[in-house]
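The values are calculated or read from the model by the stated rules, or taken from the named source; none is laboratory data. Given the structure is predicted, the values throughout are model-derived calculations rather than measurements. Note that we place each Cβ from the backbone using ideal geometry, even for glycine, and neighbour counts take in every protein chain shown. Ligands, DNA and RNA are stripped out before the accessible areas are found, and what is left, the full protein with its side chains, is counted by its heavy atoms. Shrake-Rupley method; radii C 1.70, N 1.55, O 1.52, S 1.80 Å.
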Amino acid sequence: RDGAEIVLTGYRFGGGSVGNVGEQTLTVLRSTIPFVDRVSNLAPAGGGVDAESIADAKIRGPLTLRSGQRAVTPGDFVRLTREASTEVARARCLPPRQPGGPVRVLVVPHVRSTPDSHRLDDFALPEPLLATIRGHLDERRLVGTAIEVGTPYYQGLSVATLIRSLPGRPAALVRQRVLDALTRFVNPLTGGAEGEGWPFDADINAATIAQLIEAAEGVERVEEVLLFEYDLRTGRRLGSGRDVVRLDRDSLFLSAAHQVVVR
């Protein structure tokens, strides 16, 4: 009949992470279908991940051959956790806090949005994902090994910086470029020098941040940089500005309320 509608709910093959398109974005048919007036996807696509890189395959291969599908070493726990679900972006295994305690597995999930919109609650683990990971690891753990699956502690980090822009460059545009660079760099998924997520055990210092800012288009020089710890729950800076912020073993940095002043 005229006005008939087909609802598309997702895709099955290809595309990688960029194939996780938002709702109401699939609106064109590859070929016409009689009596179909229009198409659309009511829900966003999910589950798409990028292909494994050659470098990652070289690391994973020997680990798989060494211990197979058993969780023995910290590397085994990380590998098996990532294999448990495509929704796992990163994982870390920490030894028990005390003898006889559980092995701790920290999981960073994929967040299907841009770094500037990432918030603390986005990194919570949904119960279905937790159950999937626990079940996968439980089947492969050694007898007597207890496992605790959770998330890292996300340490908010706020950067305050005073910069001077090149002559003729709009201050608002330069400021936005610096904010974008900071937000992406100080992030569990896109941060760090490699752009693969801020590394575990890596502190952050003002010199590194200054180099990042100086590389932004339109920046002439950085006059001042201060780093603040930030409480992501209360939305407040903690203490005074400093040159270095330390990171605990079970923590990762997450950008929060950067302040950029352009002269």
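Restricting attention to the stretch 170-197, report how many residues are in contact with a Pro (Cβ under 9 Å, 6 or more places away or on another chain) and at positive phi.
2
Please verify whether Ile33 is modelled with pLDDT under 60, of a type in the set (Val, Ile, Thr), more than 22 Å from Pro126 (Cα to Cα) and more than 19 Å from the chain's Cα centre (by Cα), treating the condition exactly as stated.
Values: modelled with pLDDT under 60: no; of a type in the set (Val, Ile, Thr): yes; more than 22 Å from Pro126 (Cα to Cα): yes; more than 19 Å from the chain's Cα centre (by Cα): yes.
For Ile33, the condition - modelled with pLDDT under 60, of a type in the set (Val, Ile, Thr), more than 22 Å from Pro126 (Cα to Cα) and more than 19 Å from the chain's Cα centre (by Cα) - is not met.
Can you pull out every residue in the stretch 121-165 that is closer than 24 Å to Arg237 by Cβ and part of a loop (DSSP other than H, G, I, E, B)?
Matches in the stretch 121-165: Ala124, Thr151, Pro152.
If you take the residues in the stretch 8-30 that are modelled with pLDDT of 55 or more and of a type in the set (A, V, I, L, M), which one is farthest from the chain's Cα centre (by Cα)?
Leu29
Okay, residues lined up against (1) assigned to a strand (DSSP E or B); (2) open to solvent by 50 Å² or more (accessible area, probe 1.4 Å):
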site	(1), (2)
Pro167	no, yes
Val174	no, no
Asp180	no, yes
Gly191	no, no
Gly197	no, no
Ala207	no, yes
Glu217	no, yes
Phe228	yes, no
Val261	yes, yes
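Kindly indicate whether any position in the stretch 100-107 is within 19 Å of the chain's Cα centre (by Cα), open to solvent by 20 Å² or more (accessible area, probe 1.4 Å) and under 19 Å from Gly192 (Cβ atoms). It would help to see each step written out before you state the result.
To start, the set of residues in the stretch 100-107 that are within 19 Å of the chain's Cα centre (by Cα) comprises 105-107.
With open to solvent by 20 Å² or more (accessible area, probe 1.4 Å) added as a condition, the list becomes none.
No: zero hits.
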